[in-house]
Amino acid sequence: MSHEDDEGDLSDGQLSDGTAIPLLANVGSLGNVQNALAKGAEGVGLLRTEFLFFEEDVAPSVEEQTARYREILVALDGRKAVARTLDAGADKPLAFLPLGKEDNPALGVRGIRTVHKHEQLLRDQLESLSAAGSAVPSDLWVMAPMVADATEAEWFASMAREAGIRTVGVMIEVPSCAVVADQVFDAVDFVSIGTNDLTQYALAADRQNGEVAAYQDAWHPAVLRLIRMVGDAATASKKPLSVCGEAASDPLLAVILVGLGVTSLSMVPNALREVRSTLAKYSLEEARVLAAIALDARSAADARSRVRDALPRSP
Ligand code: PEP
Ligand code: MG
């Protein structure tokens with residue numbers, strides 16, 4: 001698929017050696033989906049479902065949720081749609097899910113942890129996603145946020161499969177989950193790395209605290225080494241591995257991620273064009289060489305500069 005319009009080249013993502021790297025979009029509304037498709041997204045790699053229900057004071061019913069998911073799947077017209085179950089808590093409070101005050105909300109009850117005490121909320125959401133996915137031609141994948149280990153991944157996968165979801169995954173954004181990624185891949189069909197939270201937790205720097213914003217940099221070799229662990233597990237299991245955090249929208253970092261074993265990237269739609277054109281300049285082998293250089297760096301800034309220095313100079 002390749003055509004030109006106002007956005008320029010909207011061809012599918014691929015490396016210079018022809019390796020396909022699907023480029024997907026992060027969205028939180030139907031309008032976002034339409035915009036993403038206009039900018040050449042090959043599908044949705046992160047549907048932040050909590051954004052659909054931010055305003056609601058009471059939990060949305062199965063009927064209401066099914067209708068909202070269905071309109072998004074209709075807009076995607078059979079393209080891939082990766083829906084994340086509600087990621088409530090910490091930086092994403094939901095009016096209908098009061099969680100109480102915590103001293104350290106980023107380390108508290110958020111993501112999948114919120115539904116351990118509200119299991120019906122998760123069951124309703126999975127039932128709604130499953131119903132929407134069967135109602136229209138679609139390629140629906142469903143994943144859970146903030147999963148800490150393989151046991152939690154297994155718990156989620158069995159609930160999702162019970163509800164009729166066919167392709168089940170988890171986000172890896174808690175460092176513990178990256179370390180046991182081999183076990184996690186045994187439990188699920190795919191993984192998507194949330195580099196925003198993975199960086200926050202690896203560097204112990206609250207992503208909402210401007211005082212420590214400089215630590216929130218996924219170029220850090222410690223973050224890249226965690227991603228490598230997940231990449232190695234993905235390669236060994238032959239299962240898909242995406243990145244849906246901000247890191248995927250940094251064109252040069254996107255090349256490094258691919259070199260670490262990532263097989264698709266999901267990002268804000270405005271980043272698609274530049275990431276697509278940068279990936280097209282490198283082969284998988286070159287991406288691996290650049291990734292190895294970044295892994296050896298001493299800091300995020302050092303990784304950036306070592307990789308830049310290693311790039312072939314344009315004539
Ligand atoms: C992430 O943590 O990288 C991610 C994609 O999720 P969010 O930013 O919504 O927490
Ligand atoms: Mg996250």
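Every read-out reported here was derived from the displayed coordinates using simple, explicitly stated rules and does not represent laboratory data. Keep in mind the model is a prediction, meaning the values are calculated, not measured. Counting neighbours? That spans all protein chains shown, and the Cβs are built from the backbone with ideal geometry, glycine included.
List, please: which pairs have Cβ atoms under 7 Å, are six or more places apart or on different chains, and start with a residue in the range 78-93 that is under 17 Å from Ile193 (Cβ atoms) and end with one that is among the small types (Gly, Ala, Ser) and within 11 Å of ligand 1 (Cβ to nearest atom)?
Hits for this filter: Val82/Gly45; Val82/Ser192; Asp87/Gly111.
Could you pull out every one of the strands (runs of 3 or more DSSP E) wholly within the range 3-114 that has 1 or more residues that are of a type in the set (Asp, Glu)?
Answer list for the range 3-114: none.
Have a look at Val243, Val188 and point out the one that is within 16 Å of ligand 2 (Cβ to nearest atom) and among the hydrophobic types (A, V, I, L, M, F, W, C).
Being within 16 Å of ligand 2 (Cβ to nearest atom) and among the hydrophobic types (A, V, I, L, M, F, W, C) holds for just one of Val243, Val188, which is Val243.
How about the range 157-192: which of its residues are in contact with a Leu (Cβ under 8 Å, 6 or more places away or on another chain) and under 22 Å from Val262 (Cβ atoms)?
Thr167, Ile172, Glu173, Val174, Pro175, Ala178, Val179, Phe190, Val191, Ser192, listed by residue number.
Would you be able to tell me the number of residues in the range 112-158 that are within 16 Å of ligand 2 (Cβ to nearest atom), more than 22 Å from Glu64 (Cβ to Cβ) and without any contact (Cβ under 8 Å) to a residue 40 or more places away in the chain?
Residues meeting the conditions: 4.
Would you mind finding the one in Ala38, Ala67 that is more than 25 Å from Thr195 (Cα to Cα), more than 20 Å from the chain's Cα centre (by Cα) and surrounded by 15 or more Cβ atoms within 10 Å (Cβ to Cβ)?
Exactly one residue qualifies, and that residue is Ala67.
Restricting attention to the range 254-278, and to residues there that are assigned to a loop (DSSP other than H, G, I, E, B) and surrounded by fewer than 24 Cβ atoms within 10 Å (Cβ to Cβ), which single residue is farthest from the chain's Cα centre (by Cα)?
Restricting to residues being assigned to a loop (DSSP other than H, G, I, E, B) and surrounded by fewer than 24 Cβ atoms within 10 Å (Cβ to Cβ), the top hit is Gly261.
Would you tally the residues in the range 128-138 being out of contact with any Ser or Thr (no Cβ under 8 Å at 6 or more places or on another chain) and surrounded by fewer than 24 Cβ atoms within 10 Å (Cβ to Cβ)?
5
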